[in-house]
Amino acid sequence: MYNYNFIDHTADICIFAKADSIEELFFAFAQGFKNSVIKKLTLNPLKKISFSIESDSCEELLVDFLNELNYLFSTDLIMFKDIRVSLQNNASGSLFLDTEAEMYKVSIEDIVTEIKAATYHNLKIDFKDGMFSAYLVFDV
C-alpha cells in the first residue's frame, strides 16, 4: 500500500509519499511525477524499456530513478503506464534498482508542466512504524 500528496511549495513541486515497502515508495514518487507533468496518456503502447541504476544510498537512487524518468519524458515525450521497480543490495553495500516499464507517447497538449530535475533538497527516506516515507522536491 502506498500514497502520496502534493505539498504547497513556493516555486517548485513537493511531494510527500508513504509506503509499506521501499519499492512502493519509489512507485509512489513515480506516480506523483507522472501526475505532475501530464494530464493523460494515449491508449497505444509505444515500447517497453528497462534500466538499472546503482547508488550508495536510497536517497541517491530515488533521485537518479526520477531523473531518468524525467529524461525519457523530456527527450522522447514518453511516459510509463505500468512500471515495476526492484531494489537489491550487493556485497559491497551498493544498492541496485532494476526498472521495467511500458511506455506510451505523450501528446504535447497533455503536458501540464515541465520538471527540470528531482532534487536532494531536504530529502531523507525515513522508516517509522513499519512505513517508509519521504518528502521530495522537483525543480520546475
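The values are calculated or read from the model by the stated rules, or taken from the named source; none is laboratory data. Everything quoted here is computed from the prediction, not taken from an experiment. Cβ placement follows ideal geometry from the backbone for every residue including glycine, while neighbour counts extend to all protein chains displayed. Note: accessible area is taken over every heavy atom of the protein model, side chains too, but ligands, DNA and RNA are not part of it. Shrake-Rupley method; radii C 1.70, N 1.55, O 1.52, S 1.80 Å.
Outside any strand (DSSP E or B) and free of Cβ contacts under 8 Å to residues at least 60 places away in the same chain: does that describe residue 98? First the steps, then the outcome.
Details: outside any strand (DSSP E or B): no; free of Cβ contacts under 8 Å to residues at least 60 places away in the same chain: yes.
In short, no.
Among what's in the stretch 5-34 and is of a type in the set (S, T, N, Q) and modelled with pLDDT of 95 or more, pick the residue that is farthest from residue 105 (Cα to Cα).
First pass over the stretch 5-34, keeping only residues of a type in the set (S, T, N, Q): 5, 10, 21, 31.
Right, trim to modelled with pLDDT of 95 or more and you get 21, 31.
Details: 21: 29, 31: 16 Å.
Of everything passing the filter in the stretch 5-34, 21 is farthest from residue 105 (Cα to Cα).
Go over the candidates 8, 12 one by one and state the one that is touching a strand residue (DSSP E or B) at 6+ places or on another chain (Cβ under 7 Å) and either surrounded by 13 or more Cβ atoms within 10 Å (Cβ to Cβ) or not aliphatic (A, V, I, L, M) (or both).
Working: 8 fails: touching a strand residue (DSSP E or B) at 6+ places or on another chain (Cβ under 7 Å).
Step by step, each of 8, 12 is checked, and only 12 is touching a strand residue (DSSP E or B) at 6+ places or on another chain (Cβ under 7 Å) and either surrounded by 13 or more Cβ atoms within 10 Å (Cβ to Cβ) or not aliphatic (A, V, I, L, M) (or both).
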query: Looking at (1) surrounded by 15 or more Cβ atoms within 10 Å (Cβ to Cβ); (2) modelled with pLDDT of 95 or more; (3) of a type outside the set (D, E, K, R); (4) not in a strand (DSSP E or B), can you tell me which one residue 41 breaks?
result: (2)
query: How many residues are surrounded by 14 or more Cβ atoms within 10 Å (Cβ to Cβ), out of contact with any helix residue (DSSP H, G or I) (no Cβ under 9 Å at 6 or more places or on another chain) and of a type outside the set (D, E, K, R) when one looks only at the stretch 102-120?
result: 1
field: the stretch 52-95: number of residues that are open to solvent by 60 Å² or more (accessible area, probe 1.4 Å) and in a strand (DSSP E or B)
entry: 7
